[in-house]
Amino acid sequence: MARDREDILMSPFEIVVVSGKGGTGKTTLTACFAAMAEVPRVMADADVDAPNLGIILSPRETESRPFFGMKVAHVDAARCVGCGECLRFCRFGAIVMKDGKAVVDPGFCEGCGGCLLVCPESCIDKRAFQRGVLRRGETDFGPMWHARLAPGGENSGMLVALVRKEARREATELKAPLILVDGPPGVGCPATSSLTGAGLAVLVVEPSRSALSDLRRVIDLCRTLSLPFGVAINRWDISPEVTEEIRAVCDAEGWPVLGAVPFDERIARAVSDGRIPVEEMGRPLAELWRAILRRGSA
Amino acid sequence: MKIAVASGKGGAGKTSIAASLVLGRPGSLAMDLDVEEPNLGILLGFEGGTTRPVLQPVAFLEPDLCSACGRCAQVCEFGAIAWFGSGLPVVNESLCHGCGACPLVCPTGAMRERDREVGTIRSGTAAGGPFIEGRLRVGSVSTVRVIDETIRAGTEFKAHDWIMDGPPGVSCPAATVLRAADAALMVAEPTPFGLSDLASVLEVASDLKKPTAIVVNKAGLGERPLDDLCRRFSVKVLESFPFTRSAAEAGALGRCPYGTDADWAARTGRLWRAIERTFS
């Protein structure tokens, strides 16, 4: 028993900030949490499509390495006879005919290798392409792992998993009890990859019907993954009416509301100037963070 | 003309701008391709219509025919088929990409495919015009499949103009929408986050050689100049929509500012004229 207890204490607790809908304030809130936490922590930006946490936390880069996704098909144009067998087999629309030769769009190829099997000329092989960059940096609050997917690329879920894995490895090494992850929008492959196996999901919602609809979907995803979650309402006073509606829905559904932060043009200005708006968000933010910690330790 | 509305960053205002363009030109097809979080229907007041499933093949094993050779497991690149050197292989449906490689190599015809629902397409009439929406089933990761099927279904409407409300990001879902469009309209939020993501999505459109232009939204909320990006990608800003509390409040209630804000509607009219000058 004592041993188990120790393992639990050693394992860093990972909080992932997601939202379903984009633009609700995930990154700004994650940066505030990074600034407010009082224990050693490691930060990660798991929005590898549109990484923004680094813009506000300004990490001093210590490491950068290329990311190679799955190998994808490549046609040897010199030997291709243009029969089109590969194109007919491909389920992902990744092969097109150009000047009588098959050409693979690596942005759409999922690397299944089916085309290699059907090609009568055996002129297709698989190659690894650089699909992005993985980075580590030092912020004022601790190390940060982030990445950028090559625009138009595939395999964002793989890169998300890699960013989180590195953050966890380093947190474990440093005996840092906390990992703070800025997550991607949506409920698809990147969002699923950012939430799988985390400790707590903080779901940021703004008072709009759209954001509420998206919140419902991201909660469905958390439930699918058996992941504890809590709701944070951002810019609640943009529409007190819809905020009330969201609170009522949360109460009726049994979704815990962790706090609500108001809108203030000074917050937008601070972020625009590259400052973390902890002061501007004031007491509601401090209360939200305390509620997150309480929910995390529950 | 098929116009994709994109932005890189989420929450920049793609859906508000897309809904405004639809309302500003009755008869254009409203197409929601942000299938992970579709919201265009909320802003256009879509209700009813018809729903059809989006299916994707997944592998399944007919155990009586299986000779336990293990070739299916060897060929699967996604780790969706487990085989332990003897006995029957086991398919994990949630990892299967439906690529069709395992039935191809199965010597006995035991590895087959069946359809699995990965999303739905809703279509009908919204705000007096044609409307179609793709919606990914939560728990599925077949975002691109649902987008592709929704685009295909959209051709049934035979509409002259398409407004395609795209997903955030710059990876395969966003690229799929841009690839299917004739032109791309990028919604720029003039904040440090917004411009960083805008640069990435401009790069995708430029790689795809799509005619591209910018519309600024929430002007005044940040003051970052766009001149450098416009020069770098040779794109123009067609129109600018200011950040106003009234637009934000309309959006909160699920209404498009086009209907509640005369200035917003006038800017939409100018945006349409600028789109025609730029893309035709």
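Any read-out appearing in this document is the output of simple, stated calculations on the displayed coordinates, not a laboratory observation. Owing to the predicted nature of the structure, the values given are computational and were not obtained by experimental measurement. Glycine also receives a Cβ, built like all others from the backbone with ideal geometry; neighbour counts cover every protein chain displayed.
Coupling constants for the range B:162-167 follow from the phi torsions by the Karplus curve (6.51 cos²θ - 1.76 cosθ + 1.60, θ = phi - 60°), and in residue order they are 10, 10, 9, 7, x, x Hz; glycine and proline get x. Amide H contacts of A:VAL257: A:VAL231, each under 5 Å away and 5 or more positions distant or on a separate chain (H built 1.01 Å from N in the peptide plane; Pro and chain starts excluded). Seen from A:ARG216, the other residues with C-beta closer than 13 Å to its C-beta sum to a net charge of -1, counting Lys and Arg as +1 and Asp and Glu as -1. Using θ = phi - 60° in the Karplus curve 6.51 cos²θ - 1.76 cosθ + 1.60, the 3J(HN,Hα) couplings for the range B:36-46 round to 6, 9, x, 10, 4, x, 5, 5, 9, x, 6 Hz; x is entered for Gly and Pro. Enumerate the residues in the range A:84-99 having an amide nitrogen under 18 Å from the point lying 7 Å beyond the Cα of B:THR155 toward its Cβ. Flagged as within label range: A:87-97.
Would you please give the FRET efficiency between B:ALA68 and A:ARG65, computed as 1/(1 + (r/R0)^6) with r the Cβ-Cβ distance and R0 = 41 Å, to the nearest 0.05? Walk me through the numbers on the way to the answer.
On the way: r = 41 Å, r/R0 = 1.01.
The computed FRET efficiency comes out at 0.50.
Which whole-number percent gives the relative contact order of chain A, counting Cα pairs below 8 Å spaced six or more residues apart?
Details: 626 pairs, mean separation 75.0, N = 298.
About 25 percent, as a whole number.
Between A:ARG294 and A:GLU279, the simple spin-label model (points 7 angstrom out along Cα→Cβ) gives 2.8 nm. No disulfide-compatible partner, judged by a Cβ distance under 4.7 Å, exists for the following cysteines of chain B: B:CYS66, B:CYS69, B:CYS76, B:CYS96, B:CYS106, B:CYS172, B:CYS230, B:CYS256. By the rule of a C-alpha distance below 12 Å, with chain neighbours fewer than 8 residues away ignored, the aspartates and glutamates paired with A:LYS101 are A:ASP76, A:GLU85.
The Kirkwood radius of the range B:27-69, taken over pairs of alpha-carbon atoms, gives through the Stokes-Einstein law at 20 °C and 1.002 mPa s a diffusion coefficient of 145 µm² s⁻¹.
Using only side-chain charges placed at the Cβ, +1 for Lys and Arg and -1 for Asp and Glu, the dipole size of the range B:46-192 relative to its Cα centre rounds to 220 debye.
If you filter the range B:179-263 for GluC sites (Glu not before Pro), then keep DSSP loop positions with at most 14 other Cβ within 10 Å, what is left?
Numbers: sites: B:GLU203, B:GLU223, B:GLU239, B:GLU249; in loops: B:GLU223.
Filter output for the range B:179-263: B:GLU223.
May I ask for the percentage of alpha-carbon pairs in chain A that lie more than 27 Å from each other?
Details: 21222 of 44253 pairs.
Result: 48 percent of Cα pairs exceed 27 Å.
If you take all other residues with their beta carbon under 15 Å from the beta carbon of B:VAL204, and give Lys and Arg +1 and Asp and Glu -1, the sum is +2. All other residues whose Cβ lies under 13 angstrom from that of A:SER239 are scored, Lys and Arg at +1 and Asp and Glu at -1, for a net of -1. Remark: the protein assembly as shown carries a charge dipole of roughly 700 debye about the Cα centre, counting +1 on each Lys and Arg Cβ and -1 on each Asp and Glu Cβ. Separation of the alpha carbons by more than 27 angstrom is noted, of A:LYS126/B:LYS9; A:LYS126/B:LYS2; A:LYS26/B:LYS2; A:LYS98/B:LYS209; A:LYS21/A:LYS175, for A:LYS126/B:LYS9; A:LYS126/B:LYS2; A:LYS26/B:LYS2; A:LYS21/A:LYS175.
Distance from the alpha carbon centroid of the range A:185-215 to that of the range A:268-284 works out to 23 angstrom.
Taking a ≥ b ≥ c as the square roots of the eigenvalues of the Cα gyration tensor, an a/c ratio of 1.5 or more together with a/b larger than b/c marks the range A:5-105 as prolate. Taking amide hydrogens as placed 1.01 Å from N in the peptide plane, the amide H of A:PHE263 sits under 5 Å from those of A:ARG235, A:TRP236, A:ASP237, A:ILE238, each at least 5 positions away in sequence or on another chain.
How many percent of Cα pairs in the protein assembly as shown exceed 36 Å? Working shown, then result.
On the way: 58256 of 166753 pairs.
Summing the P(r) of the protein assembly as shown above 36 Å gives 35 percent of all pairs.
Computed on the Cα trace of the range A:101-245, the radius of gyration divided by the Kirkwood hydrodynamic radius gives Rg/Rh = 1.08.
Inside 10 Å of the C-beta atoms of B:225-235, what's the mean count of C-beta atoms belonging to other chains?
Details: counts 0, 0, 0, 0, 0, 0, 0, 0, 0, 0, 0.
Shielding by partners across B:225-235 averages 0.
3J(HN,Hα) along the range B:76-92, derived from phi through the Karplus expression 6.51 cos²θ - 1.76 cosθ + 1.60 where θ = phi - 60°, amounts to 5, 8, 10, x, 8, 10, 9, 8, 10, x, 7, x, 7, x, 10, 8, 9 Hz, with x in place of Gly and Pro. For chain A, the dipole from Cβ point charges (+1 on Lys and Arg, -1 on Asp and Glu) about the Cα centre works out to 620 debye, to the nearest 20. With springs only between Cα atoms under 10 Å, which of A:GLU85, A:GLU61, A:GLU279 fluctuates most in a Gaussian network model of chain A? In the Gaussian network model the winner is A:GLU85. Of the peptides A:12-21, A:183-192, B:267-276, A:67-76, the ranking by mean beta-carbon count within 10 Å, highest at the top, reads A:183-192, A:12-21, A:67-76, B:267-276.
Between the Cα long axis of helix A:240-253 and the first principal axis of chain A there is an angle of about 80°, rounded to the nearest 10. The mean number of Cβ atoms from other chains found within 10 Å of a Cβ in peptide B:191-199 is 5, as a whole number. If I fit a long axis through the Cα atoms of helix A:26-36 and take the longest principal axis of the Cα atoms of chain A, what angle between them do I get, 0 to 90°, rounded to 10? Its long axis makes an angle of about 50 degrees.
Taking amide hydrogens as placed 1.01 Å from N in the peptide plane, the amide H of A:GLY82 sits under 5 Å from those of A:ALA102, each at least 5 positions away in sequence or on another chain. Taking every residue in B:170-183 and counting other chain Cβ atoms within 10 Å of its Cβ, the average works out to 5.
Please sort through the DSSP H helices of chain B and keep those with an alpha-carbon extent of at least 20 Å along the long axis and a Kyte-Doolittle average not below 0.0.
Working: long enough: B:192-207 (23 Å, 0.71); B:262-279 (26 Å, -0.57).
Correct list, ordered by number: B:192-207.
What is the fewest-to-most order of B:MET1, A:MET36, A:MET144 by other Cβ atoms lying within 10 Å of their Cβ?
Details: B:MET1 15, A:MET36 18, A:MET144 29.
With the sparsest Cβ surroundings first, the list reads B:MET1, A:MET36, A:MET144.
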